[in-house]
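First comes the structure, then the notes that go with it.
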Amino acid sequence: MLSRLYQRILGNPFVYEHVRPLVVGGVDYTTAWNDLDVGPDEVIVDVGCGTGDGHKHLTRYKAYHGFDTDPIAVDYARTRTAGRPNVHLHARLLVESDLQTIKPDKVMLGSLLHHLSDDEALGLLGMLARTPNLKRVTTVDNTPLPGRYLNNFFVRLDRGQHSRTAEGYMALAERAGLKVTRTLLHRIHPTRGLMMLFLMRLEPPAAR
């Protein structure tokens, strides 16, 4: 009951933006966006863009495409990014034809994979592996950890029901045909965070 109530409350953008960080000791995705390392001539796809948090970290790009199935969150993101050039927000699932048209250089999967079943995650990662021009994918997700009881409590409360170990996330990426070139376990906030996040840097199987 508590988990379902917590998940429902987090669907509100204000709560997600302002209350959730207080509960988990702060939320800071700077590490993930720094890993993606977006250049001024690069096209970005942000899958699960939510309320547009990525735009706190993006200062340069050629074009940005955000996808999220929550129309309320996307509307919030549109307000947040009003006036910014070359920002395209889509309140729907990303499909392969989008990737073939947009041809992103880099893709962010921020706190997304733990919301997807193995089949759903493999489908998405497989599409990315087949994307022309792709240079890098950065993923970041919560993960259960031995002996980290508070971390694991928040993982159980999360709306995403498919949290995995680090080895589980890496196995999915490799099964989809992507190379894992960097991993990092870090706190959700560098000084106050009560949860740990697992970051992966993924690259295409061969130079294109």
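Every read-out reported here was derived from the displayed coordinates using simple, explicitly stated rules and does not represent laboratory data. Source: prediction; values computed, not measured. Backbone-built Cβ (ideal geometry, glycine too); neighbour counts: all protein chains shown.
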Give me the distance between the Cα centres of the range 124-157 and the range 34-50, rounded to whole Å. 16 Å
Order of Met200, Met170, Met108 under a 10 Å beta carbon neighbour criterion, fewest first: Met170, Met200, Met108
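Just want to confirm a number: the relative contact order over the chain, from Cα pairs under 8 angstrom separated by 6+ residues, in percent. Walk me through the numbers before you get to the answer.
Values: 401 pairs, mean separation 45.2, N = 208.
For the chain, the relative contact order is 22 percent.
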Length gain on complete extension for the stretch Thr165 to Thr183, per 0.36 nm per residue less the alpha carbon to alpha carbon distance? 5.2 nm
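Mind scanning Lys62/Lys179; Lys135/Lys179; Lys62/Lys106; Lys56/Lys103 and naming the pairs with a C-alpha gap bigger than 20 Å?
From the list (Lys62/Lys179; Lys135/Lys179; Lys62/Lys106; Lys56/Lys103), the Cα-Cα distance tops 20 Å for Lys62/Lys179; Lys56/Lys103.
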Classified through the alpha carbon gyration tensor (a ≥ b ≥ c as square roots of its eigenvalues; rounded if a/c is under 1.5, else prolate when a/b is larger than b/c, else oblate), the range 94-205 comes out prolate
Dipole in debye (nearest 20) - the chain, about Cα centre, beta carbon charges: Lys, Arg +1; Asp, Glu -1: 320 debye
Select from Ala171, His88, Ala73 the residue farthest towards the positive end of the dipole of the range 2-203; place +1 on Cβ of Lys and Arg, -1 on Cβ of Asp and Glu, and compute about the Cα centre. Ala73
Expected sort for Tyr29, Tyr149 with the fewest Cβ neighbours (10 Å cutoff) up front is Tyr149, Tyr29
Given that just one value was derived from the coordinates, which of (i) 66, 34, 29; (ii) 51, 38, 29; (iii) 45, 39, 30 is Cα extents along the principal axes in Å? (iii)
Residue-averaged [θ]222 nm for the chain, counting only DSSP H segments that reach four residues, each worth -39500 (n - 2.57): -9000 deg cm²/dmol
